[in-house]
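Laboratory data are not the source of any read-out in this text; all were calculated from the coordinates shown. Please read these numbers as outputs of a predicted model, since none were measured by experiment. All Cβ positions, even for glycine, are placed from backbone atoms using ideal geometry, and neighbour counts span all protein chains on display.
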Amino acid sequence: MTIKRLQPEERLAGAVVHGGLVYLAGQVADDADLDAEGQTADILRQIDAILAEAGTSKANLLSVQIFLSDMNDMAAMNRAWDAWLDPASKPARATVEARLANPKWKVEITGIAALA
């Protein structure tokens, strides 16, 4: 089986495709000055793009982990999530509070998707 690395950066790949699965690296907002809802919407846009590049879509997400710097942002994050989510294709999901690498980041999302 081959391993395909998408959107490589200095220390990581944005996603790795292997064995019929797409493993997403933690995605953060391009604009750290956005509020939690805005950061989440930006991250989900990025996830759509990287999944499309891999040849799949959010409908094939199997599992998602969401990291919030402050659980008080849960409702704001969920507003963006609910607007984006396909109700017929809900992935398994965990949401936890965590200190993120940049103090301005409010949300980070990672996950695993099946190839279409």
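Counting trypsin sites (Lys or Arg not before Pro) as exposed when in a DSSP loop with at most 11 other beta carbons within 10 Å, what is the longest stretch of the chain free of them? List each step's numbers first, then the result.
Details: sites that count: Arg11, Arg99.
Free of exposed loop sites, the longest segment is 12-98.
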The answer for GluC sites (Glu not before Pro) in region 1-88 that fall in a DSSP coil and have at most 16 neighbouring Cβ atoms within 10 Å is Glu9, Glu10
Short version: ³J(HN,Hα) in whole Hz for each residue of region 88-100, in order, from phi by Karplus 6.51 cos²θ - 1.76 cosθ + 1.60 (θ = phi - 60°), x for Gly and Pro, what are they? 7, 9, 6, x, 5, 8, 10, 10, 9, 8, 8, 7, 8
Take every Cα pair under 8 Å in region 4-114 that's 6+ residues apart, average their separations, divide by the length, and report that relative contact order as a whole percent. 36
Quick one: putting +1 on the C-beta of Lys and Arg, -1 on the C-beta of Asp and Glu, what dipole do you get for the chain around its Cα centre, in Debye to the nearest 20? 480
Compute the helix-to-body angle for 36-54: its Cα long axis versus the longest principal axis of the chain, expressed 0 to 90° and rounded to tens. 0
Which of Tyr23, Leu34, Trp105 sits closest to the plus end of the dipole of region 1-106, meaning its Cα is farthest towards the positive end, when Lys and Arg get +1 and Asp and Glu get -1 on the C-beta? Tyr23
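Counting alpha carbon pairs within less than 8 Å and at least 6 residues apart, what relative contact order, in whole percent, applies to region 1-45?
RCO, region 1-45: 24 percent.
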Give me the distance in nm between label points sitting 7 Å out from Cα along the Cα-to-Cβ direction at Lys4 and Ala32, one decimal. 3.2
Overall dimensions of the chain as given by Cα atoms, namely Rg and Dmax in Å: 13.6, 43
